[in-house]
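The values are calculated or read from the model by the stated rules, or taken from the named source; none is laboratory data. All values derive from a computational prediction rather than experimental measurement. Methodologically, a virtual Cβ is constructed for each residue, glycine included, from the backbone with ideal geometry; neighbour enumeration extends over all protein chains shown. All accessible areas refer to the heavy atoms of the entire protein, side chains included, with ligands and DNA or RNA removed. Shrake-Rupley method; radii C 1.70, N 1.55, O 1.52, S 1.80 Å.
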Amino acid sequence: MTWVRRIIKLAPIKSIAVERVKFDMQKLENPEIEGIEYQQGTLQGYTLREALLEHWGRKCAYCDAVNVPLEIEHIRPKSKGGSDRFNNLTLSCHQCNQTKNNQSIEEFLKHDSVRLENIRKHQKKSLRNAAAVNSTRNKLFESLTRFDIPVYSGSGAQTKMMRFKSNLPKAHFIDAGCVNALQKVTLKTLQPLRVKCSGHGNRQFVTTDKHGFPRKGYAPKHVRKDWKAGDIIKVQRKDGSFVLGRVKKAAKALAFITFGGKETSFSPKNTKPIHRSDGYRYSFTTIDPVNVNVN
Ligand SMILES: [Zn+2]
């Protein structure tokens, strides 16, 4: 909501499109696997496959192969009593699937205990994300209608269809452009602005000792003079050139970290604030379109 409010101020927004993915938990837990495997790529099989792809990072669980057709794999083989439930399923490339055949995962990965451990851990996480999406999607949609701008919603399947039609790789920022798109989407950048919520730090005025008495006066560590950790600043160097960076959580001296990652001190005299810390981190991320998996 914060970001919609901000963007509306900056640009003439005519409508809002939001993807309302509904994961059918019942179906995810008890899918008719046979049917779904034969329907790969069609809309019926979409939800389970998409949930598995998201959950397992769009790669073969056994060899990390990407950009190959992935098959739905029973971690514990059906012949050994494995179920069709979501948490017994993963994705593997055709070759691994063939090689594993009806071996148990312990047998198949007996030389790779690290991977075995990771798969087990990941299996347990199961459907937490899907549940979170389910419980917030309607509330979000409803809140967005308060902006007095038409709000459209599309399903995850529609988004994916449009992305395929537009021949674009998978990345969440690309999906965002495909939600409710009426015509093919063209990509102008592979360098989206990434905004990450970082919070405002600790606002506590005084710390207390174990009896509840205040220790000392108010001494915020993250603010020094006019500079707050996270401020984006422009510093003039001795040779006259400029360098951009972010103010570091202040210790003794004022320091900042350049966008190149170098930590340097600065003096307020040669420094201009570019953007005050607002609880978000901004960065440009380059994305390799061949191996895209942005969280
Ligand atoms: Zn594989």
Exercise. Report, by residue number, each residue of the range 80-102 that is within 14 Å of the ligand (Cβ to nearest atom) and open to solvent by 50 Å² or more (accessible area, probe 1.4 Å).
Key: 94, 95, 98, 99, 101
Quiz item: Can you name the residue in the range 49-70 that is open to solvent by 50 Å² or more (accessible area, probe 1.4 Å) and within 13 Å of the ligand (Cβ to nearest atom) and, of all such residues, is nearest to the chain's Cα centre (by Cα)?
Solution: 59
Quiz item: Quick check: anything in the range 119-134 within 16 Å of the ligand (Cβ to nearest atom), modelled with pLDDT under 90 and in a helix (DSSP H, G or I)?
Solution: yes
Self-check item: Filter result for residue 77 (over 21 Å from residue 172 (Cβ atoms), modelled with pLDDT of 85 or more and either of a type in the set (Lys, Arg) or within 13 Å of the ligand (Cβ to nearest atom) (or both))
Solution: no
